[in-house]
Amino acid sequence: MTADEHFVIDRHPEHAQVVFAAGLSGHSFKFTSVLGSILADLAIAGETSLPIEFLRHDRPALGTV
């Protein structure tokens, strides 16, 4: 789990064709349907209409990446 207790869902910063979700710990099973939808959106369209900015890999709460 991340320090701010949120998932990380984003595109790889150097390889745009790679999308990922991390920091899911034990409670992620409740979110699998929306996580799959977000990852599919990112992989197919390159973006999602869902508000996931607070889950980016380079967010301030995670420090320097």
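The values are calculated or read from the model by the stated rules, or taken from the named source; none is laboratory data. Note that the structure is a prediction, hence the values are computed from the model and not measured. Every residue, glycine among them, receives a Cβ derived from its backbone with ideal geometry; neighbour counts consider all protein chains shown. Note: accessible area is taken over every heavy atom of the protein model, side chains too, but ligands, DNA and RNA are not part of it. Shrake-Rupley method; radii C 1.70, N 1.55, O 1.52, S 1.80 Å.
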Inset, instruction - Output yes when any residue across the range 24-45 is among the basic types (Lys, Arg) and open to solvent by 90 Å² or more (accessible area, probe 1.4 Å), and no when none is. - result: yes
Inset, instruction - Show the residue pairs that are 6+ apart or on different chains and have beta-carbon atoms under 6 Å apart, the first residue being within the range 33-57 and in a helix (DSSP H, G or I), the second being of a type outside the set (Val, Ile, Thr) and open to solvent by 70 Å² or more (accessible area, probe 1.4 Å). - result: Leu55/His6
Inset, instruction - Hey, could you check the range 1-18 for residues that are acidic (Asp, Glu) and open to solvent by less than 60 Å² (accessible area, probe 1.4 Å) and say which is nearest to Ala45 (Cα to Cα)? - result: Asp10
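Looking at this structure, is Ala21 touching a residue at least 12 places away in the same chain (Cβ under 8 Å) and open to solvent by 50 Å² or more (accessible area, probe 1.4 Å)?
Working: touching a residue at least 12 places away in the same chain (Cβ under 8 Å): yes; open to solvent by 50 Å² or more (accessible area, probe 1.4 Å): no.
Answer is no for this residue.
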Inset, instruction - Output the residues belonging to the range 23-41 that are at pLDDT below 95 and touching a Ser or Thr at 6+ places or on another chain (Cβ under 8 Å). - result: Gly23, Leu35
Legend entry - Flag if Glu47 is among the acidic types (Asp, Glu), at pLDDT 90 or above and within 13 Å of the chain's Cα centre (by Cα): yes
